[in-house]
Amino acid sequence: MNDKQHGDASLTQQLDRNWLSLTLIAWAVIAAWFVWQRWPAIHWLSLGDTDDNMRLMQVRALLNGQAWYDLRQYRLNPPVGFDMHWSRIVDLPIAGLILAFRPFVGTALAERLACGIAPLLPLSVAMAGLAFTVRRLVSPFAWPLALIFLLMCAATMLMFMPLRIDHHGWQLACLSLTVAGLADPLQRRGGITVGLASAVSLSIGLEMLPYAAGAGAILGLRWIWDRAEAERLTVYGLALAGGSAIGYVLFVSAANAALRCDALTPVWLSVMIEAGALLFILARVNPASRSVRLGLAAGAGAAIIIAFALVFPQCLGRPEQVSPELAANWLNNVREAKPIYAHPWRGALTVAALPIIGVIGALIATWRARRSDRFAAWAAVLLFTLLAGGLLLWQVRAGAAAQLLAVPGAVALGWVLLPWCLAHRSVLVRVFGTVAGFLLVSGAFIGLVIRFAVPDKPSTNTKAVNRAGASCPTIPSLGVLNRLPPQTIFTFIDLGPRLITLTHHSAVAGPYHRNGAAILDVQHGFKRSADEFHAIARRHGATLLLTCPNMAESTVYTVRAKNGFYARLVRGETPAWLEPVPLPKRSPLKLWRIH
């Protein structure tokens, strides 16, 4: 063996033997880069999403002595507040980082550092899960390609960026472990991984419920096809039921002890325990006949559905259980809850390109593995990838998960195409073919297509909305309100969480379905007459009115209620009981005192 061959062998051995430590080193480098790149946003605590602001408020309340099982937010709709449907799981790493940094840098900087670093922690889990999956299904040396492809998943990576402290990153990490468990050749380890990952994800929130159900169904299909998969199904059932029960006892709020449909309440806990117990029983019985196994599995599925419909009929509709008026005026209009075909083609194509490539790659890989011991695992990954892609036709918010689950299939496709290009006789194919192949299988070509397509010029109104959305919810803009004594401020629904995060004031409402009555009060106040606004504001104890002209939400009130209170206020028709409160000259906000 010459020196070059020896070096190549040594490199492949290192990639195979030290894949996990190398993955974590890569994660550390990537995390450091993102923190450095986004440091200005971290410095200004630019929590861009309402959920990120509410997460920080939940952590602050915990560190300030609010009870572990009390997740009520008292500074929205004071004095009673409202119960968040989240759990404490995602609060823990943020709170831990704040406590670790606070003695050295003070509370303010500790919060900024925690919000910058915490979202990157689940990225390490997601990277490890995908690396494991690709090693098992494609090649022991293909995992670096999986990490590269993951970094190019725009929708997925947004959930791991600094300041994105909401729970979606941790749920995507659980999803990565789920697909790793489906691909694991060791039945006991694979079943436990899928069961516990599903249980943790459901304990965080119900967003990934379709994926948890899909993973369980896929494991059931594997057992129906091959009764030798009984051990995997047995431990999965135990892990799902036991993990869900532990998650409920340790992390779920006291308010979620009610029979609600929007979180891991006794409703969904009973479903998980029932499903886990039935799967455990089926796997232990394990009849020899495939048709009998199919019949038993179908009967178990029917029993779960019938029991759910009979015992919890209130949960057969949408889980938020909001009023028809709130659904029509707010929830049905949430952009991320609309199907992908209802979005502009540029955004839709950016989200859907990699999932389509991932499905094609998984199809080819499954066909190529049809006579190998990897067939069952590839078939499971293919079904999971198809499920994720199909959910895009339901809600575009499935895009982050669909892109993540597309990575194994895309890597499998690249592992066939790229070596062929690199080994080709023609230098043109080796150079340009390899580049083109990489752009194709990674989905990066979509960025070039959009860049050179007909430019999408935003309208003047869109530019004004974007400027308002960027300038109003900032520390310089909102921080001046701290000069006033703490009080309740009547403001836009989407500005409420940011207001209570950056100031000592309270707000009437935030965009959360359990805060539905207050949301309707804000909408009614802005859309109806000045007298009705005055009565609603007084009922909530609001003494100040804060607006952000041209903020996206404001356009709803000016366009849909042209004779309402807010539209008239914009036109300069100010009631006598509103007194302007001076703000700095360049402030994008407007403030009035309510008499």
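Below, the figures for the structure above:
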| read-out | value |
| --- | --- |
| Unit charges at the beta carbon, dipole of the range 415-571: most positive-side option, S554, H540, I489 | S554 |
| Fewest-first sequence of I42, I475 by Cβ atoms within 10 Å of each Cβ | I475, I42 |
| Distance between the range 199-220 and the range 224-251 - C-alpha centres, whole angstrom | 11 Å |
| Counted charge near P582, where neighbours are those whose Cβ lies closer than 14 Å (Asp, Glu -1; Lys, Arg +1) | +4 |
| Electrostatic dipole magnitude of the chain [Cβ: Lys, Arg +1; Asp, Glu -1; Cα centre; debye, to 20] | 880 debye |
| Cα-Cα separations in the range 264-405 greater than 28 Å, expressed as whole percent | 43 percent |
| Cα radius of gyration and Dmax for the range 350-472 (Å) | 18.7, 60 |
| Mean projected area (nm²) of the alpha-carbon convex hull when the range 1-121 is viewed from all directions | 11.0 nm² |
| Overall form of the range 138-248 per C-alpha gyration tensor (a/c, 1.5; a/b vs b/c) | oblate |
| Relative contact order of the chain, defined on C-alpha pairs under 8 angstrom at six or more residues apart (%) | 14 percent |
| The chain, helix-only ellipticity at 222 nm - DSSP H runs n ≥ 4, -39,500 (n - 2.57), divided by all residues, nearest 500 | -20000 deg cm²/dmol |
| Vicinal HN-Hα couplings computed from phi for the range 141-158 (Karplus, 6.51 cos²θ - 1.76 cosθ + 1.60; Hz; Gly/Pro x) | 10, 8, 4, x, 5, 5, 5, 5, 5, 4, 5, 9, 7, 4, 5, 5, 5, 4 |
| Net charge of neighbours whose Cβ lies under 13 Å from the Cβ of A342, counting Lys and Arg as +1 and Asp and Glu as -1 | +2 |
| Relative contact order, percent, the range 466-594 [alpha-carbon distance under 8 Å, six or more residues apart] | 26 percent |
| Rounded FRET efficiency, nearest 0.05, which uses the C-beta distance separating L316 from L393 and R0 of 35 Å | 0.95 |
| Cysteines, the chain, no other Cys beta-carbon under 4.7 Å | C115, C153, C174, C421 |
| Relative contact order (%) - criterion: Cα under 8 Å, at least six apart; region: the range 390-534 | 11 percent |
| Sum of side-chain charges, A114 neighbourhood, beta-carbon under 15 Å (Lys, Arg +1; Asp, Glu -1) | +2 |
| Normalised convex hull volume, the range 466-594, alpha-carbon set, Å³ per residue | 102 Å³ |
| √(5λ) per eigenvalue of the Cα gyration tensor, the chain, largest first, Å | 45, 30, 23 |
| Rounded to 10°, Cα long-axis angle of helix 121-137 versus longest principal axis of the chain | 20 degrees |
| Spacing of the two label points (7 Å from each Cα toward its C-beta) at R451 and W420, in nm | 2.7 nm |
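We did not get these values from a lab; they are worked out from the coordinates using the rules stated. Small disclaimer: the values here were computed from a predicted structure and weren't measured. Ideal geometry is used to build each Cβ from the backbone, glycine not excepted, and the neighbour counts take in all protein chains shown.
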